[in-house]
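What follows is a set of notes on a single structure, which appears directly below.
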Amino acid sequence: MNILISGVGGQGTILTSRLIALCSLNSGLHIKTSEVFGMSQRGGSVVSHIRIGDNLDSPMIPAKKADLLIGFEVIEAARNIQMLKADGKILCNNTFIRPYSNKKQTLKEDKILNYIKGYKKNSVFIEATKIAQEIGNTRVMNTVLIGALTAMDILPFTHSQIKNAIKEIIKPKLLDINLKAFEKGYNSI
Amino acid sequence: MHKEILTGNEAIAKAAIECGIHLAAGYPGTPSTEVLETVARHADPNVHVEWSVNEKVAMEVCGSASFTGAWTLATMKQVGLNVAADPFMILSYLGIEGAMVIVVADDPGPHASQSEQDTRMYAKFSNIPIFDPSSPQEAYDMTKEAFKLSNKIKLPVIIRPTTRVCHGSSTVEINGKNDNIAVNGFEKNPKWIIFPKLAYENHVKLEEKQHEISNMFSRNQFNSVIGTGRYGIATGGISYNYVKEIADNFHNVSILKIGNPYPFPEELAKDFIDKVDRILVIEELDPVIEEGLIELSYKYKKVDILGKKTKTVPCAGELSYQTISNLIDSYLGKYDLIALDEVAVTTQKAIDLPKRQPTLCAGCPHRASYYTVKQATKGYDCVYNGDIGCYTLGNAKPLDAIDTCLCMGAGITMAQGIHHIQPNVKNIAFIGDSTFFHTGIAGLVNAVYNNANITIIVLDNYTTAMTGHQPHPGIGLSARNESAKKLDIGKIAEACGVKLVRYADPYDVNSSIDVVKEVVDYDGVSMLIFERACVTKLKSSKYYEIDSDLCKNCKICVRKLGCPAIFTKDKPEIDSSLCFGCGVCKAVCKFNAIKEVDR
């Protein structure tokens, strides 16, 4: 299974890819991930590649081979949607982070949303940032998305496997709010 | 034995710990940083782990420690090896006693570097053996082998992971047990003192060793020939994975996989050349494997070699899965094997999307500092010299606050060069706190001694931010997060003879402007230290919003600051989820339209 995560540097894509990797390890599945740290983490476009299964050599997903695209932000989801397979699926956080421009913004949000919906009729959008804000910390947006994915039953892991991985990976101080985010995301689908 | 999910960097660190290292030293640099961080987190307390002030220091600390019989690990990124090149080139002559492995991470792309230099060339240059891992598992296995080899041949050995290996992760099988290596201590001997006569003698011995090491590499598990086809493909490092996955579809291919590009495993490569009719060489950056094969082909058997020298393979940048797939398809002339249904999943055209460049974070104190300096020096004839760190991003519009950027510590020295030729131009040098300790101090001493009229502006955010918040001598913490001596940048400058040292809070824009004017107008070397913590680890307690009734739509907040939290629809607005609450936009607003809101 090939999973692509796209977003903006600083949104927590790396933690999500680590969480999926940990679930794979706990289930005895082979996994390869690839991401870029450093300069692009400062508000640039970021992509994580995750590949689960045997006999995988490349850590990068070949073009048109992604089974799932997790969009942390709409523009970055649209930028990577062509990586999906014919029957690939997309879950997207319905939030725009506008790239800086000192001219009047010409960003046409509807056009981008329609492009994604036209490309994949079964695209799923959830208000992950809003849900995270309501819970009290925007940064748990990634855990809301993981909850929604669990409800969509796309990942090869059960609700309790994913929950246990969250308990294993998240610092105790932030665990409660993340578990709350996970359940809110799960129930949003 | 058990399995863990590890990045290449973590795998190297865990292997080094298991080998029983006594000391590790490095300087942060993407993509190498997490190697030393992992050692600091997991090694026994009796292992000395340090963030050295720069790579030259790390190399020398590791080198001399290994003279005692200790096993040591030095870590850096590729350009860090330039800083450490002086001790590195001589250590190959001098040799070591215990074991010394140097991790040098290369960055094809480049993703986060000033150059695409290839450390395999440094291996050839210095006659130091090198391992080039293709995966985290191999990074782990190679590190173990590299320590053994170093101990056996009494030379430092390089491990050279590239970005995709460093930051890629996979299931890695590890041993989990740490070896215990005894250290005999430093024995006095003339062999530790390099002199021209010894240099000549050791140079001869070093050259003689190369053949023996090459033969070892021909026989180890990291170099191999896979398949029996007449179409040869030679590859190594991360590219091997793409080649393997793509070439598995073809039966007429032989792959030469090179895990030790120097000394080139000639015996193995000779067998490969014998088997094939022609060779395509797929490797990132410099044609190192290609040159090894060309040399062999010249000596043994004429064979067509396609690669960078024939302009078949791109000479720069990362090689993607798709690029390699296209290269192999056209090499084998088998276009019909491409699954056409996969190429044409959809005919819908991609739409134009706005580009998203890296930018200073919302609330970043550097944005405020740059804005202030530009405002204060309006009307001055000024050159703004930049340096390496997050703050290099101050070059982008609208801040537009950097005119030169070369390498670590060069802002202060380049300001001097321009000043001596154009004394009437004001030269300002920006430098970060960690960079100041890395290579800024020598330049500062030079400026005072050689009477350069420049202004040094230190952007002190109390951390090494770009690489992920490593401590440095200015903040009172060690690599292990224990308390350490804290050195004061302002006092160092005063001790070096800087007569005017001032401090300012970047968020306090209006009073900082006068301080900037004072230091820039000063005749001689002056220093201003902007002090404010990096926001990436801080929780925001408030945000700002724009009252659209009071806003006159002058857009000064948008046009001057370039803050990612401020955007324009009909009038400027602030995205409260991105706003950190620094209040700099409120300070620049002339109509008092921006209000503070508690979270």
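The values are calculated or read from the model by the stated rules, or taken from the named source; none is laboratory data. Being a predicted model, the structure only gives us computed values, none of them experimental. Here the Cβ is made from the backbone with ideal geometry for all residues, glycine too, and neighbour counts use every protein chain on show.
With a requirement of 1 or more residues that are within 14 Å of chain A (Cβ to nearest Cβ), the strands (runs of 3 or more DSSP E) lying completely within region B:229-341 that satisfy it span B:231-236, B:253-258, B:278-282. Quick check, is B:Glu267 at pLDDT 95 or above and under 31 Å from the mean Cα position of the chain (by Cα)? So B:Glu267 does not fit the description; no.
Which residues, taken from region A:61-78, are over 14 Å from the mean Cα position of the chain (by Cα) and at negative phi?
Restricting attention to region A:61-78, the residues satisfying the condition of being over 14 Å from the mean Cα position of the chain (by Cα) are A:61-65.
Result: A:Ile61, A:Pro62, A:Ala63, A:Lys65.
In region B:502-599, counting only helices (runs of 4 or more DSSP H) that sit wholly within it, the ones holding 3 or more residues that are away from every other protein chain (no Cβ under 14 Å) span B:509-521, B:584-588. Annotation: of all residues in region A:18-45 being closer than 28 Å to B:Met466 by Cβ and more than 8 Å from chain B (Cβ to nearest Cβ), the one that is surrounded by the most Cβ atoms within 10 Å (Cβ to Cβ) is A:Ile20. Candidates in region A:46-79 are the residues that are touching an Asp or Glu at 6+ places or on another chain (Cβ under 6 Å) and within 7 Å of chain B (Cβ to nearest Cβ); of these, the one that is nearest to B:Ser32 (Cα to Cα) is A:Ser58.
Does region B:394-401 include one or more residues that are closer than 25 Å to B:Gln78 by Cβ and not in a helix (DSSP H, G or I)? Steps first, please.
Of all residues in region B:394-401, those closer than 25 Å to B:Gln78 by Cβ come to B:394-396.
When the remaining residues are screened for being not in a helix (DSSP H, G or I), the result is B:396.
Checking region B:394-401: at least one residue is closer than 25 Å to B:Gln78 by Cβ and not in a helix (DSSP H, G or I).
Screening the candidates B:Asp118, B:Asp132 for the property of being out of contact with any Pro (no Cβ under 7 Å at 6 or more places or on another chain) and modelled with pLDDT of 95 or more yields one hit, B:Asp118.
How many of the residues making up region B:436-475 are assigned to a helix (DSSP H, G or I) and of a type outside the set (Gly, Ala, Ser)? Please lay out each step first, then the result.
Start the filter on region B:436-475 by keeping residues that are assigned to a helix (DSSP H, G or I), which leaves B:436-449.
Checking the rest, the ones that are also of a type outside the set (Gly, Ala, Ser) come to B:436-439, B:441, B:444-446, B:448-449.
Within region B:436-475, residues that are assigned to a helix (DSSP H, G or I) and of a type outside the set (Gly, Ala, Ser) number 10.
For region B:545-559, give me the residue count where each residue is surrounded by fewer than 17 Cβ atoms within 10 Å (Cβ to Cβ) and either touching a helix residue (DSSP H, G or I) at 6+ places or on another chain (Cβ under 6 Å) or not hydroxyl-bearing (Ser, Thr, Tyr) (or both).
Taking region B:545-559 and keeping what is surrounded by fewer than 17 Cβ atoms within 10 Å (Cβ to Cβ), we get B:545, B:547-550, B:552-556, B:559.
Of the ones still in play, those that are also either touching a helix residue (DSSP H, G or I) at 6+ places or on another chain (Cβ under 6 Å) or not hydroxyl-bearing (Ser, Thr, Tyr) (or both) are B:545, B:547, B:549-550, B:552-556, B:559.
Residues meeting the conditions: 10.
Hey, can you tell me all the residues within region B:71-86 that are touching a helix residue (DSSP H, G or I) at 6+ places or on another chain (Cβ under 7 Å) and either part of a helix (DSSP H, G or I) or at pLDDT below 95 (or both)? Listed by number, the residues that qualify are B:Gln78, B:Gly80, B:Leu81, B:Val83, B:Asp86.
Filter region B:1-37 for residues that are β-branched (Val, Ile, Thr), within 14 Å of another protein chain (Cβ to nearest Cβ) and closer than 23 Å to B:Leu149 by Cβ and give the result. Passing the criteria: only B:Val35. What do you reckon, is B:Lys209 surrounded by 13 or more Cβ atoms within 10 Å (Cβ to Cβ) and in a helix (DSSP H, G or I)? Yes, satisfied. Considering region B:87-125 alone, what residues qualify as being of a type in the set (Lys, Arg) and touching a helix residue (DSSP H, G or I) at 6+ places or on another chain (Cβ under 6 Å)? Correct list: B:Arg120 only.
Name the residue that is farthest from the other protein chains (Cβ to nearest Cβ), counting only residues in region B:155-182 that are surrounded by fewer than 16 Cβ atoms within 10 Å (Cβ to Cβ) and either within 30 Å of A:Asp57 (Cβ to Cβ) or of a type in the set (A, V, I, L, M) (or both). Residue satisfying both the conditions and the ranking: B:Ala182.
For B:Gly562, the criteria (1) buried (at least 17 other Cβ atoms within 10 Å of the Cβ); (2) in contact (Cβ under 8 Å) with a residue 12 or more places away in the chain; (3) touching a strand residue (DSSP E or B) at 6+ places or on another chain (Cβ under 9 Å) hold in every case but one, which is (3). Each residue in region B:112-154 was checked for being touching a Cys at 6+ places or on another chain (Cβ under 8 Å) and surrounded by 23 or more Cβ atoms within 10 Å (Cβ to Cβ), and 2 of them qualify. When residues in region B:97-115 are screened for being in contact with a strand residue (DSSP E or B) (Cβ under 8 Å, 6 or more places away or on another chain) and either assigned to a loop (DSSP other than H, G, I, E, B) or among the aliphatic types (A, V, I, L, M) (or both), 11 of them pass.
Can you tell me how many residues within region A:50-83 are assigned to a strand (DSSP E or B) and surrounded by 24 or more Cβ atoms within 10 Å (Cβ to Cβ)? Total satisfying the criteria: 6. From the residues in region A:86-108 that are facing chain B (nearest Cβ under 10 Å) and in contact with a strand residue (DSSP E or B) (Cβ under 6 Å, 6 or more places away or on another chain), which one is surrounded by the fewest Cβ atoms within 10 Å (Cβ to Cβ)? Applying the filter and picking the extreme gives A:Lys104. Considering every residue within region B:366-378, establish whether at least one is surrounded by fewer than 18 Cβ atoms within 10 Å (Cβ to Cβ), more than 14 Å from chain A (Cβ to nearest Cβ) and not aromatic (Phe, Trp, Tyr). Scanning region B:366-378, I find at least one residue that is surrounded by fewer than 18 Cβ atoms within 10 Å (Cβ to Cβ), more than 14 Å from chain A (Cβ to nearest Cβ) and not aromatic (Phe, Trp, Tyr), so the answer is yes. Taking residues in region B:525-538 that are modelled with pLDDT of 95 or more, and partners anywhere that are polar (S, T, N, Q) and in a loop (DSSP other than H, G, I, E, B), the pairs with Cβ atoms closer than 8 Å and at least 6 places apart or on different chains are B:Val525/B:Asn453; B:Arg532/B:Asn461; B:Ala533/B:Asn461; B:Ala533/B:Thr463; B:Cys534/B:Asn461; B:Cys534/B:Thr463. Here B:Ile158 fits the description: assigned to a strand (DSSP E or B) and under 22 Å from the mean Cα position of the chain (by Cα). Scanning region A:155-165 for residues that are assigned to a loop (DSSP other than H, G, I, E, B) and surrounded by 18 or more Cβ atoms within 10 Å (Cβ to Cβ) turns up A:Leu155, A:Phe157.
So, B:Asn189, is that one more than 20 Å from B:Arg219 (Cα to Cα) and either touching a residue at least 24 places away in the same chain (Cβ under 8 Å) or within 14 Å of chain A (Cβ to nearest Cβ) (or both) or not?
On the way: more than 20 Å from B:Arg219 (Cα to Cα): yes; either touching a residue at least 24 places away in the same chain (Cβ under 8 Å) or within 14 Å of chain A (Cβ to nearest Cβ) (or both): no.
When the stated conditions are applied, B:Asn189 does not pass them.
Evaluated against (1) surrounded by 18 or more Cβ atoms within 10 Å (Cβ to Cβ); (2) in contact with a Ser or Thr (Cβ under 8 Å, 6 or more places away or on another chain); (3) under 24 Å from A:Leu174 (Cα atoms), A:Leu149 falls short on exactly one condition, (2).
Considering each residue of region B:482-501, count those that are touching a residue at least 24 places away in the same chain (Cβ under 8 Å), outside any helix (DSSP H, G or I) and not small (Gly, Ala, Ser), and give that number. Full working, then the answer.
Residues of region B:482-501 that are touching a residue at least 24 places away in the same chain (Cβ under 8 Å), as a first pass: B:487, B:489-490, B:492-493, B:496-501.
Next, only the ones that are outside any helix (DSSP H, G or I) stay: B:487, B:496-501.
Of the ones still in play, those that are also not small (Gly, Ala, Ser) are B:487, B:496, B:498-501.
Number satisfying all stated conditions: 6.
Within region B:283-295, the presence of a residue that is farther than 18 Å from B:Met121 by Cβ, modelled with pLDDT of 95 or more and in contact with an Asp or Glu (Cβ under 7 Å, 6 or more places away or on another chain) is excluded.
I'm trying to understand the selection: among the residues of region B:410-434, which are surrounded by 24 or more Cβ atoms within 10 Å (Cβ to Cβ), assigned to a helix (DSSP H, G or I) and out of contact with any Gly (no Cβ under 6 Å at 6 or more places or on another chain)? Reasoning before the result, please.
At the first step, the residues of region B:410-434 found to be surrounded by 24 or more Cβ atoms within 10 Å (Cβ to Cβ) are B:411-412, B:415, B:427-434.
From what's left, assigned to a helix (DSSP H, G or I): B:411-412, B:415, B:433-434.
Of everything in region B:410-434, those that are surrounded by 24 or more Cβ atoms within 10 Å (Cβ to Cβ), assigned to a helix (DSSP H, G or I) and out of contact with any Gly (no Cβ under 6 Å at 6 or more places or on another chain) turn out to be B:Ala415, B:Ser434.
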